[in-house]
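Take a look at the structure set out below.
Values in this text are rule-based calculations from the coordinates and carry no lab data. Note that the coordinates shown come from a computational prediction; the quantities given were computed from them, not determined experimentally. Cβ placement follows ideal geometry from the backbone for every residue including glycine, while neighbour counts extend to all protein chains displayed.
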Amino acid sequence: MYHFSPSILSADFMELGDAIEATTKGGSDYLHFDVMDGIFVPSISFGMPVLKCVRAKTNLFLDVHLMITKPERYIKEFAESGADLITFHVEATDDIAGTIDLIRKFDCKVGLAINPETDAKAIKPYLKDIDMALVMTVHPGFGGQSYIEECTAKIKQVSDWIKEENLDCDLEVDGGVKLDNLDKVLSNGANVIVAGSAVFKGDIEGNTSEFVKKML
Ligand code: DX5
Ligand code: ZN
């Protein structure tokens, strides 16, 4: 099952409602929220109040990507603000297993992310316990960066582990994905695709439907 998850980080926040509607009309089923705390990553984005407003107006599957230190502090709030899936980083906490359990306790799906410089082995022991692995293909913190080619092998590695053990775990790729490198990402095993700048610049509905068409 393939899912397309436009990242609202690249949206014009004065037009956020219209932009989200355009992605929906274009055929996307997920929406990606990049939450940044200025510590785990250099920038600060948005948090629970924005998520709550969006949740009130859409049935899209809300895919929340926490780029925050000690994510366990905020799981309850993001769950109660309407997240369907909460992804946190292996690099951000000393208690990965406890944070997975906490997300489950609040009835959300669980995602676990790794940065480009983190060895894929860091995520391997948890693949059986999570709903989605997220392989970052840019250094987290900003939209509009270029895809890091060295990460392709990591997508393939994580995908192989999921297949070998026949696990029920999605594989999301986030960072620098455009129409011209989408095939490579998909053929290496990703089934959930994030794209920010490639969607929200120009014709949002048209851009979304181009991605969705290629993913079918
Ligand atoms: C980076 C974020 C990404 C980003 C993707 O820190 O996690 O989700 O918004 O944007 P593009 O597609 O422009 O790389
Ligand atoms: Zn993201």
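Take every Cα-Cα pair in segment 109-176 and report what % of them are more than 15 Å apart. Of all Cα-Cα distances in segment 109-176, 46 percent exceed 15 Å.
A viscosity of 1.306 mPa s and a temperature of 10 °C, combined with the Kirkwood radius over C-alpha pairs in the Stokes-Einstein formula, give segment 76-118 a diffusion coefficient of 148 µm²/s. Orientation-averaged projection of the chain equals 10.5 nm² [convex hull of Cα atoms, one quarter of hull surface area].
Each Lys or Arg adds one and each Asp or Glu takes one away; over the other residues whose Cβ falls under 15 Å from the Cβ of Ile162, this sums to -2.
Explain nothing, just the number: dipole magnitude of segment 59-216 about its Cα centre with +1 on each Lys and Arg Cβ and -1 on each Asp and Glu Cβ, in debye rounded to the nearest 20. Roughly 120 debye for segment 59-216.
On the basis of the beta-carbon distance and an R0 of 25 Å, Asp101 and Val50 show a calculated FRET efficiency of 0.40. Simple rule: put +1 on each Lys or Arg Cβ and -1 on each Asp or Glu Cβ in the chain, find the dipole, and look at Ile148, Ile68, Cys169; the Cα lying farthest toward the positive end is Cys169. Given Cα pairs under 8 Å that are at least 6 residues apart, what percent is the relative contact order of the chain? Relative contact order comes out at 23 percent. Extension gain, Asp160-Lys201: 0.36 nm per intervening residue step, less the Cα-Cα distance, totals 11.4 nm.
When the pairs Lys154/Lys214; Lys128/Lys163; Lys154/Lys184; Lys178/Lys214 are compared against a 19 Å limit on Cα-Cα distance, Lys154/Lys214 fall above it.
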